[in-house]
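Colleague: Take this structure first; my questions come after.
The values are calculated or read from the model by the stated rules, or taken from the named source; none is laboratory data. All of these numbers come straight from a predicted model, not from anything done at the bench. Don't worry about glycine lacking a Cβ; one is built from the backbone with ideal geometry, like all the others, and counts go over all protein chains shown.
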Amino acid sequence: MPMDKTRYPANWTEIALEIKQAAQWRCKSCGKDCLRPDDNLGTFIERIRTQRVSECPVVAEFLEHPRRWLLTVAHLDQDPGNNDRRNLKALCSVCHLNHDRPFQAANHMTKLERTIGQLNLFDLRPPEPAGKGERSDRIQIPLRQEVG
């Protein structure tokens, strides 16, 4: 889910940079060394290769999925307005998604209300499989289409 920048303070970039620097550009959950702003591809690959000698496929993994090596800052309580340093944690993008997963379903309706206005029960249809039925393991809650 893309970040809604209107819910973050104007100085969010500086706050996030402080948290990442304090974590020394490592994920606080899995310990993965992440890409730094001053890294170029060569220096980053050399650094992860020397730090993870036993994990040779790590370079191939980076080349295949570079976004997995980005360091992000998570709000532990899911509130972008709560920027107390104890509520912020440096996480790689994979760990950040895993952290947010339990909250996503609970926040789905709130996000819908925020983006398209107040909803009521008559605006919704029963859940349907996502992806036109191709992904039966995921559902989506579509809005009722007005006939007219």
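Colleague: State all residues of the stretch 1-59 that are touching a Pro at 6+ places or on another chain (Cβ under 7 Å) and modelled with pLDDT under 85; if no residue qualifies, say none.
Modeller: R7
Colleague: Sticking with this one: Starting from residues that are of a type in the set (A, V, I, L, M, F, W, C) and assigned to a helix (DSSP H, G or I), keep the ones in the stretch 70-100 and report whichever is farthest from C27 (Cα to Cα).
Modeller: Residue satisfying both the conditions and the ranking: L97.
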